[in-house]
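One structure is given below, encoded as C-alpha cells.
The values are calculated or read from the model by the stated rules, or taken from the named source; none is laboratory data. Note that the structure is predicted; figures quoted are calculated from it, not measured. Because the Cβ atoms are built from the backbone with ideal geometry, glycine has one as well, and the counts that use them run over all protein chains shown. Ligands, DNA and RNA are excluded from the accessible area calculation, which covers all protein heavy atoms including side chains. Shrake-Rupley method; radii C 1.70, N 1.55, O 1.52, S 1.80 Å.
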There are 2 protein chains.
Amino acid sequence: MELEFIRRLRERLPPRQGDLLVGPGDDAAVLAWRSGGNCVVTTDMLTDGVDFRLSEADPRRIGRKALAVNLSDLAAMAAVPVAVVVSLALPRTASLELAWELYEGLLPLAVEFDTYVAGGDTNAWDGGLVINVTAIGRTTERGPLLRSGARPGDAIVVTGDFGGSILGKHFDFTPRVREALYLGANYEVRAAMDVSDGLSLDLGRMCEESGCGAELTLSSIPISAAAREAALRNPQSDTPLERALSDGEDFELLLAMPLEEASRAAADTSLGVGLSIIGRFVAERGLYAIDAAGNRTPLTPRGYEHRFGP
Amino acid sequence: MELEFIRRLRERLPPRQGDLLVGPGDDAAVLAWRSGGNCVVTTDMLTDGVDFRLSEADPRRIGRKALAVNLSDLAAMAAVPVAVVVSLALPRTASLELAWELYEGLLPLAVEFDTYVAGGDTNAWDGGLVINVTAIGRTTERGPLLRSGARPGDAIVVTGDFGGSILGKHFDFTPRVREALYLGANYEVRAAMDVSDGLSLDLGRMCEESGCGAELTLSSIPISAAAREAALRNPQSDTPLERALSDGEDFELLLAMPLEEASRAAADTSLGVGLSIIGRFVAERGLYAIDAAGNRTPLTPRGYEHRFGP
C-alpha cells in the first residue's frame, strides 16, 4: 500500500485495539485468535461496469458495497466478522482521492460491524476500477451454517424482500450478520446462504448442495416496493413476482429450518427484520412453483449468471 | 465463483483434508484453528501491464506469481501459510480457460507450501486481467517478525541476491517461507520484511518503522547474475550495483539480527540459501553507503514507487 496513504489510513482508523495486533503498514496484519472459533474466509471482487459504474455512482457507495457483500457472505455462514483486507486497482486517470473516497464509504460499515480494516494493497494501472475485499470471521459455538444441510420437509425461509435491488438496495443493503447470528443461536437452522444472484437461482444451488428439491409458494414470496417500481418502469419486462424470483443482489438470507422452528422465528419480534416462509424443501429434485390455485408447475431457476468467453 | 469452474476446481484440489473444513463452493471457506497461533493475513493484487503482460507471459507464471508474492509476505512475518483465496477479473475476450491456466500455475506452489486454496471469486468484465490473492497464515511460538524491531548495532542481513528480477525471477522466485521460519526458530531475528520494491527503498522503510538509520557496505551487496546481465544489455543505464540496490521484485528477506547471530546464521549450511551481512543499523536516521575505501556518503533510497494521479 502506498506509504502516504497508509499514514492517512492509520490516522483515520480507530486506535489499535483488542485483537488487531498488527494493522496496516507491515508486510501482513496479525489478528489475535484468543477467542477460539474456527476461521471463516470469503473474498469478493467488484469491477467497474459489472458491479457498479464509477461514472455514475458515488465512490463511497462503491466502497461500502465492496465490504457489505463480504459481510453478507460471513452472515450466510453465521460467522462473526473479525477483519477485512482491501485491494484496489485504481485507474491512473484518477487520483489517490478516489481510494480515499472508497475507504470513506467502507470504514463506517466496518465500525458498525466491529470489523478491523487490517490492511490492503493500493495500485494504479491503465484499466478501470477494481476493488477486492477479503473478509475473515470466526465461527460461534453453533458452528458454520452451510448450503448443504437442507432436508425434505424443511421450510424455505428468507429475510426481507426481493427484487429491484438495482434501484439502490444493491449499494445500501444491510448485510444480515446480526440476523444470522441471532437465528443461529436461538433456532435450529439447517442450511443458509445469501441471495446474491437471484432467489430462484440461489435456491436451486442450495437444493443442489443439499441433494433435494424445493416447492415455492408464489403468494408467499415477499416482493419489494423496488420490484414493483422497476416493473412499473418497464411494463414490457418482468412482473414484480418475476423480478423477486430472478433479480440479483438482494443480499437477503435464504435458510432451511424445520417448519416449527421457522414459524416460531417468523413470530419473533426481536429479529428486527421480516422473516417469511416461502415454501418447503422436497425430496424430488428440481424447483416447483405452487400457484394461488394450488397447482404445481416446474420453475426454471433464473438470475444473474456469470458469463465467460468471447 | 462460476459453478462449472468450482466443480472442476474441486476435482483438481487435493481431497478435503485436515484443517480445511469447508472449501470452495459455499458462501465462505472454514479453516479449523485448532493448532493455536494468531492469524496472519496479507493481500496482493496484480494487474496487467504493471505486474505482468498477459500478451507476453504464460498465464501459469502469472498465477504462480500471484500466490508467490503473498507467500513472500507471510515469510516476512515468519508465519506458516495456511490458506489462500483467489479473485479473478478476466477480460471478456478471454475464455474461462484463462482462469484455469492461472490456477494451473498457482496450485503446484500451493501444494509445495502446504497451503489450501480455500475459495475465490471468478468474474468477467470489459477490462484487463486482474488477479488478487489473499493469504492467511498462523504465527509460530516465536510470534510474528515485524519491520519495526531493528536496533542500532544490528546487522543488516539478506537472503539470496539482488537486481535484474525483471529478466525472470519476478515470476519464478521461491518465497522465503522455509528460510524465515528456520531463522526465526533458530536465531534471534529482530525485524524482517520482504524486499519487493527495491533493496534500498525497502531498507529505508524498515529504518523508518524502526526509528533508526542504516549503513550499507557496498562491497557486500550480493549482486545477481541477472543484474549484471541487465546492465550489460543497457550499458547506458544503471550499473549492476545500482540495479541490486534499486530494482524491484527481488522477493528476498531483509532482516535485522544481532551481529553475532547474523554471523552464526551466515555460516549455517542448513539454510539452503545464501545469507549476506550487508551493513548495520545505526542510530542516525537516513541511509548511508560505505564504499571500498571506507568513505561514508548519504544514499538516496531508490526503487519502485507506486504512482497515482493523472
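Loop only per DSSP, at most 13 neighbouring Cβ atoms within 10 Å: give me the trypsin sites (Lys or Arg not before Pro) in segment A:60-125, ordered by residue number.
Taking segment A:60-125 and a limit of 13 other Cβ atoms within 10 Å, no loop trypsin sites (Lys or Arg not before Pro) are found.
Hey, can you list the residues from segment B:268-310 whose accessible area shrinks by 20 Å² or more with all protein chains present, relative to the chain by itself (probe 1.4 Å, no ligands or nucleic acids)?
Flagged in segment B:268-310: B:His306, B:Arg307, B:Phe308, B:Gly309, B:Pro310.
Work out the charge dipole of the protein assembly as shown with +1 on the Cβ of Lys and Arg and -1 on the Cβ of Asp and Glu about the Cα centre, then indicate which of A:Val80, A:Tyr288, A:Ser196 is farthest towards its positive end.
A:Val80
Roughly how big is the B-A contact, given as buried accessible area in Å² (both sides, 1.4 Å probe, nearest 100)?
5400
Rounding to the nearest 20 debye, state how big the charge dipole of the protein assembly as shown is about its Cα centre with +1 on each Lys and Arg Cβ and -1 on each Asp and Glu Cβ.
520
Testing the spin-label approximation: label points 7 Å from Cα along Cα→Cβ at B:Arg151 and A:Glu4. State their distance in nm.
3.5
Using +1 at the C-beta of Lys and Arg and -1 at the C-beta of Asp and Glu, which of A:Leu129, A:Thr174, A:Met206 has the Cα lying farthest in the positive direction of the dipole of segment A:109-210?
It is A:Met206.
Positive end of the dipole of segment B:1-74, charges at C-beta (+1 Lys, Arg; -1 Asp, Glu), about the Cα centre: which of B:Val50, B:Gly18, B:Ala29 has its Cα farthest in that direction?
The one lying farthest along the dipole's positive direction is B:Gly18.
Where in segment B:76-91 does accessible area fall by at least 30 Å² between the isolated chain and the complete protein assembly, at a 1.4 Å probe radius?
B:Met77, B:Val85, B:Ser87
From the label point of A:Leu3, set 7 Å along Cα to the beta carbon, how far off in nm is each other copy's matching point, shortest first?
In nanometres, ordered from closest: 5.0.
If you count only protein heavy atoms with a 1.4 Å probe, what accessible area per residue comes out for segment B:30-151, rounded to a whole Å²?
Using a 1.4 Å probe on heavy atoms only, each residue of segment B:30-151 averages 29 Å².
Determine the per residue accessible area of segment B:159-283 with all protein chains present and a 1.4 angstrom probe, expressed in square angstrom.
Accessible surface, normalised per residue, equals 38 Å².
For segment B:118-196, which whole percent of the accessible surface, found with a 1.4 angstrom probe, sits on carbon and sulfur atoms?
Accessible surface attributable to carbon and sulfur in segment B:118-196 totals 44 percent.
To the nearest 10 degrees, how steep is helix A:177-186 against the longest Cα principal axis of chain A, on a 0 to 90 scale?
Helix A:177-186 sits roughly 50 degrees off the main axis of chain A.
Would you mind telling me the share, in percent, of accessible area of segment A:241-310 contributed by carbon and sulfur at probe 1.4 angstrom?
Carbon with sulfur: 50 percent of the solvent-accessible area.
With the label 7 angstrom out along Cα to Cβ, how close does A:Gly18 come to the same site in each of the other copies, in nm, nearest first?
3.1
Find, among the trypsin sites (Lys or Arg not before Pro) in segment B:192-298, those assigned to loop by DSSP (not H, G, I, E, B) with at most 10 other beta-carbon atoms within 10 angstrom.
Qualifying residues, ordered by number: none.
Once you charge only the Cβ atoms, +1 for Lys and Arg and -1 for Asp and Glu, what is the size of the charge dipole of chain A about its Cα centre, to the nearest 20 debye?
The dipole magnitude comes to about 260 debye.
Between copies, how far does the label point of B:Ala266 sit from its twins, in nm, shortest first, when each point is 7 Å from Cα along Cα→Cβ?
Once sorted, the set of distances for B:Ala266 reads 7.5 nm.
Roughly how big is segment A:211-283's charge dipole about its Cα centre, with Cβ charges of +1 (Lys, Arg) and -1 (Asp, Glu), in debye to the nearest 20?
160
Which number do you get for Rg(Cα) / (2.2 N^0.38 Å) in segment B:85-227?
1.28
Within segment A:94-171, report the GluC sites (Glu not before Pro) that DSSP leaves as loop and that have at most 10 other Cβ atoms within 10 Å.
The qualifying sites are A:Glu141.
Using a 1.4 angstrom probe on protein heavy atoms only, which residues from segment B:37-62 are buried by at least 10 Å² of accessible area when all chains are present rather than their own chain alone?
Residues passing the criterion (a loss of at least 10 Å², heavy atoms only) are B:Asn38, B:Cys39, B:Val40, B:Val41, B:Thr42, B:Thr43, B:Asp44, B:Met45, B:Thr47, B:Asp48, B:Val50.
Using 10 Å bins from zero, what percent of all Cα-Cα pairs in chain B falls into each bin?
Pairs per bin, as whole percents: 6, 26, 32, 23, 11, 2, 0.
If you find the alpha carbon centre of segment A:1-66 and of segment A:255-296, how far apart are they in angstrom?
Here the two parts' Cα centres lie 36 Å apart.
Name the residue, out of A:Val80, A:Val157, A:Val130, whose mean-square fluctuation peaks in a Gaussian network model built on chain A with Cα pairs under 10 Å.
A:Val130
Working from Cα positions, state the angle (0 to 90°, nearest 10) between the long axis of helix A:59-76 and the longest principal axis of chain A.
Rounded to the nearest ten degrees, it is 50.
Working from Cα positions, state the angle (0 to 90°, nearest 10) between the long axis of helix B:96-112 and the longest principal axis of chain B.
Once rounded, the angle reads 50 degrees.
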